[in-house]
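Right, one structure below, let's go through it.
The values are calculated or read from the model by the stated rules, or taken from the named source; none is laboratory data. As the structure is a computational prediction, the values presented were derived from the model and not from experiment. As a convention, Cβ positions derive from the backbone with ideal geometry for all residues, glycine included, and neighbour counts pool all protein chains shown.
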Amino acid sequence: MHQQDMTLMAHLLRRAGFGATRDDLEAYVAKGYEAVVEELLHPSDPQAMPEDIIRRYHVDQSELRQLDAAGANWLYRMITTKCPLEEKIALFWHSLFATGYAKLNQARALLNQIDMFRRYGLGRFDTLLVELSKDPAMIIWLDNNNNHKGSINENYGRELLELFSMGIGNYTEEDIQECARAFTGWTLGNAEYMAVRASKDSIWPYGRIAWHFEYRDGDHDDGEKTFLGETDRFNGEQIIDIVARQEATARFISRRLFQFFAADEIDAHSEQTIQEMMQSYFDSGYEIRTVLRTLFLSDYFTSEQARYARVKGPVELVVGAIRLAGSYRTPTLGAHQLAYQTFYMGQGLLQPPSVEGWHEGLEWVDSGSLLERINFIAKELSNVQNSGVRAIIARLAAENGGTLMPEQLVDRCLDLVGPLSVHDDTRAALVEFAAMDGALQLKGHLPGDPSERRVGNMLRMIASTREFQLA
Amino acid sequence: MASAIRDKALVVIQLSGGNDYLNTVVPYTNGLYYDFRPTVNIAAEDVLPIDDAFGFNPSLGPIKRLWDEGKVAIINGIGYPHPDRSHFRSMDIWHTAEPEKIGKEGWLGRVIRTLDTKGDNVLTGINFGRGLPRALGCRGVPVASVGNLETYGLYPDLQEERSRQFALQTFTKMYGGGAGRDAVMGFLGQTASDALKGADILRTAPAQYASTVAYANNSVAQSLKSMAQVIFADLGTRIYYTQYGSFDTHSGELATHAKLWQEVAGAVGAFMDDLQAHGREDDALLLVFSEFGRRIRDNGSGADHGSGGVAFVIGKAVQGGMYGEYPSLKVEAQLEGDLHFNNDFRCTYSTLLEQWLGLEPAPIVNGQFEQFACLKTSAS
């Protein structure tokens, strides 16, 4: 097995998933890069652990209408899924179509939205936008329940164009109003009552009630509308048809996908790839799966340039560390604490700060969040009780009769957590750390003994590197 | 004058969950109160009288003492237009000072940015507790979130001293070499250095601290003790924040509410004593607030979410007294069964910003709001 295949596969899995253990990587490399890309793009049988088992054993997830439980439930699916791209693309859409609990008081509706992203997130973009426009959580979040014939509320119409598809500067204020008119009547069943319930935030005495989409013909403005230069008696679906075929939309979506999956910063080298993604968008009839395939197979993505070109978001960081450490793989009391961990680092799932989502890239990091990030992953990866850490120890013990010189300990650990490539200075500091206790002898190691703890401490330091903060 | 103002610290205590105004400042001679609150009430003989009409909940003893010393301003009937009875949304509104739309910046984040435009002091704002409240969140504004002052910093889980020392040395080396690296690596190096610097400085505060004041062993008291330690250590911190709760007393209110207020009032009392003992009473002002009050009519065991509430401004600089108007309990004056707010919370924010911190309030609270004359400095 070639090291460069392993390195490339690790890169793909960090981006299209949440990283991978060495056992997983070996299985992926055996299949080949293109086959793995296809497998990731066609999620099937994602549940290593079925939802009913998760719910049965996680009493902390018994009330999914509440925020903490719902966030924990989604994190648990990210940790246990066999189809990581299905969750990763849902996280992408959640970041882009950022809908938050603050106004809804109904986390179940948010989880339903995430489920919709799983179903449609790799399919046609126009279909996804129609589903989004019918999504009850989105309707309440951006006030489309208050968007009436003869009395429009522009909120959803505006954000659909500005934040969800074309980007600012590609339409006029009149287009926004016409867009809003086309979405009049797109509301919830019993919308007035449900909106009051959301604002009252009371689970007494009847509990929270499930929401469903309702189209009210009588409240829909069926008059003629002029939108982006075209005139007809447009309804919402026709507006989305027009939006989906705009070059601005292809560019906007390609750029956002590029930034989420390839590199935080777009530079001159990226432009060629973005052009190819836009072409795929049109050639495939706006299919996100095809756009992503173009990206994952592109020269840019597979080159050195794209490696470590993203700052891991808190959810990626936490889920990645847990998948590597092998903790929480079976139902675990306290798993709901994980939802707090990502919140402490600045990314509370299902509670984006605003409809603009999170500020990503370097903005994930400040002095407070950096400490939270490092302290969490260092603790997970240094715990020699965790099954993933034990697997790393077992591999090390099986090599060279279990004897590792300081440099070997560093290099083998860097390899097994990634392969992770680090700067020379970083490596030198790690070697110095390893050398403080001389050569490591793992032969005859016992769970939790000092030799194992040395591996744990090495993993702690590797998890603390700057390089590990990047994807 | 400006420099004299610049060292003032603002301490904000958030009572999360919706503090029951009616049972905090009790209208104990108003028959309507006992009519609407047949079960969840404070008996007239139990209140700590403020005057002939109102009295403190008996659990607010230490605050009553401060009131008697003229150090407490009670802001009655505080709220905002179109009250939202969702905890999250309402708290969001208080945090962002933006009732009309989903705000992007925390009001105290803006304060920190204004006080320390270049981000010179990573400790200008400190939250005591895990996770940053939105009130302090602002792009590019570093704020320390301190769970425990004594263990704040890297690797709190690593106890063994030798390993810990090696680990910290190695960390410093790994993040030190910024030269020749790209912008991202340089930024991460700088941020880590800021974080360690902040942590190192913060950990000195408890070591320098000596006091005869005893704080209770609950998290709000311990947070206020940590704040006192940081104030005495003169680290240039201007904004202190902590939250406590839950005040969401839908059921079993009387016992829960009493316990919470004993803890909060006890903590505030100890903190003020500590400031006084260290001659620092002039340096800090407290704001105590909650996202909303509770429904006028009780539900037999507690009270549901309401709107109009009460806030307290506490400190030596305060001109003690009742501000705002205590909302009427008459049915025709109620707002959907709630006490009707009569002053926007941004009036209080503006008062503190201009009269205490010496800042221009409008850009921070998104508009011009009438201020209260509740501080002595405003009279002079």
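Assorted remarks:
- Residue that is surrounded by 21 or more Cβ atoms within 10 Å (Cβ to Cβ), in a helix (DSSP H, G or I) and within 14 Å of chain A (Cβ to nearest Cβ), where the choices are B:MET185, B:MET227, B:MET272: B:MET185
- Selection of region A:416-469 for residues being at the interface with chain B (Cβ under 8 Å from one of its Cβ atoms) and outside any helix (DSSP H, G or I) yields A:HIS423, A:MET436, A:SER464, A:THR465, A:ARG466.
- Qualifying residues in region A:380-427 (those that are among the acidic types (Asp, Glu) and under 28 Å from A:LEU338 (Cβ atoms)) - the one surrounded by the fewest Cβ atoms within 10 Å (Cβ to Cβ): A:ASP415
- For region A:133-240, the helices (runs of 4 or more DSSP H) that sit wholly inside it and include 1 or more residues that are out of contact with any Pro (no Cβ under 9 Å at 6 or more places or on another chain) and of a type in the set (Ser, Thr, Tyr) are A:155-162, A:191-200.
For (1) buried (at least 16 other Cβ atoms within 10 Å of the Cβ); (2) touching a strand residue (DSSP E or B) at 6+ places or on another chain (Cβ under 7 Å), each residue gets a yes or a no:
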{"position": "B:SER290", "(1), (2)": "yes, yes"}
{"position": "B:ASP298", "(1), (2)": "yes, no"}
{"position": "B:GLY308", "(1), (2)": "yes, yes"}
{"position": "B:VAL313", "(1), (2)": "yes, yes"}
{"position": "B:ASP344", "(1), (2)": "yes, no"}
{"position": "B:TRP356", "(1), (2)": "yes, yes"}
{"position": "B:GLU360", "(1), (2)": "no, no"}
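- For B:ARG110, the conditions (1) under 28 Å from A:PRO352 (Cα atoms); (2) more than 8 Å from chain A (Cβ to nearest Cβ); (3) in a loop (DSSP other than H, G, I, E, B); (4) in contact (Cβ under 8 Å) with a residue 24 or more places away in the chain all hold with the exception of (3).
- Residues that are of a type outside the set (Phe, Trp, Tyr), within 14 Å of another protein chain (Cβ to nearest Cβ), free of Cβ contacts under 8 Å to residues at least 40 places away in the same chain and surrounded by 24 or more Cβ atoms within 10 Å (Cβ to Cβ) occur at least once in region A:332-344.
- Of all residues in region B:275-290, those being touching a residue at least 60 places away in the same chain (Cβ under 8 Å) and outside any helix (DSSP H, G or I) number 8.
- Applying a threshold of 6 Å to beta carbon distances and a minimum spacing of six or more residues, or different chains, the list of pairs starting in region A:431-446 at a residue that is assigned by TED's automatic domain parsing to the domain that holds A:PRO406 and ending at one that is surrounded by 14 or more Cβ atoms within 10 Å (Cβ to Cβ) and among the β-branched types (Val, Ile, Thr) reads A:VAL431/A:VAL410; A:PHE433/B:THR170; A:ALA434/A:VAL410; A:GLN441/A:THR403.
- Residue list for region A:140-163, restricted to those being surrounded by 24 or more Cβ atoms within 10 Å (Cβ to Cβ) and within 17 Å of B:LYS101 (Cβ to Cβ): A:ILE140, A:TRP141, A:LEU142, A:ASN144, A:ASN147, A:TYR156, A:GLY157, A:LEU160
- For A:GLY19, the requirement of being in the same structural domain as A:GLU86 (by TED's automatic domain parsing) and more than 19 Å from the chain's Cα centre (by Cα) is not met.
- Residue check for A:ASP222: at pLDDT below 95, under 26 Å from A:ASN145 (Cα atoms) and of a type in the set (D, E, K, R): no
- Selection of region A:251-304 for residues being in contact (Cβ under 8 Å) with a residue 12 or more places away in the chain and assigned to a loop (DSSP other than H, G, I, E, B) yields A:ALA262, A:ALA263, A:ASP264, A:GLU265, A:GLY285, A:TYR286, A:SER298.
- The listed residues are A:ARG395, A:ARG323, A:ARG390, A:ARG329, and the only one of them that is modelled with pLDDT under 90, of a type in the set (Lys, Arg) and not assigned by TED's automatic domain parsing to the domain that holds A:TYR57 turns out to be A:ARG329.
- Scanning region A:170-191 for residues that are surrounded by fewer than 22 Cβ atoms within 10 Å (Cβ to Cβ) and without any contact (Cβ under 8 Å) to a residue 40 or more places away in the chain returns A:THR172, A:GLU173, A:ILE176, A:GLN177, A:GLY185, A:GLY189, A:ASN190.
- Selection status of A:LEU381, under 14 Å from A:ARG460 (Cα atoms), part of a helix (DSSP H, G or I) and in contact with a strand residue (DSSP E or B) (Cβ under 8 Å, 6 or more places away or on another chain): no
- Taking first residues from region B:197-208 that are farther than 18 Å from B:PHE171 by Cα and partners that are of a type in the set (A, V, I, L, M) and part of a helix (DSSP H, G or I), the Cβ contacts under 6 Å between residues at least 6 apart in sequence or on separate chains come to B:ALA205/B:VAL230.
Results for (1) of a type in the set (Phe, Trp, Tyr); (2) within 9 Å of chain A (Cβ to nearest Cβ); (3) not in a loop (DSSP other than H, G, I, E, B), shown as yes or no for each residue.
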position: B:ASN127; (1), (2), (3): no, yes, yes
position: B:CYS138; (1), (2), (3): no, no, no
position: B:TYR152; (1), (2), (3): yes, yes, no
position: B:ASP157; (1), (2), (3): no, yes, no
position: B:PHE171; (1), (2), (3): yes, yes, yes
position: B:ALA192; (1), (2), (3): no, yes, yes
position: B:ARG203; (1), (2), (3): no, no, yes
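- Every residue from region A:354-369 that is facing chain B (nearest Cβ under 7 Å) and free of Cβ contacts under 8 Å to residues at least 60 places away in the same chain: A:HIS359, A:GLU363, A:ASP366, A:SER367, A:GLY368
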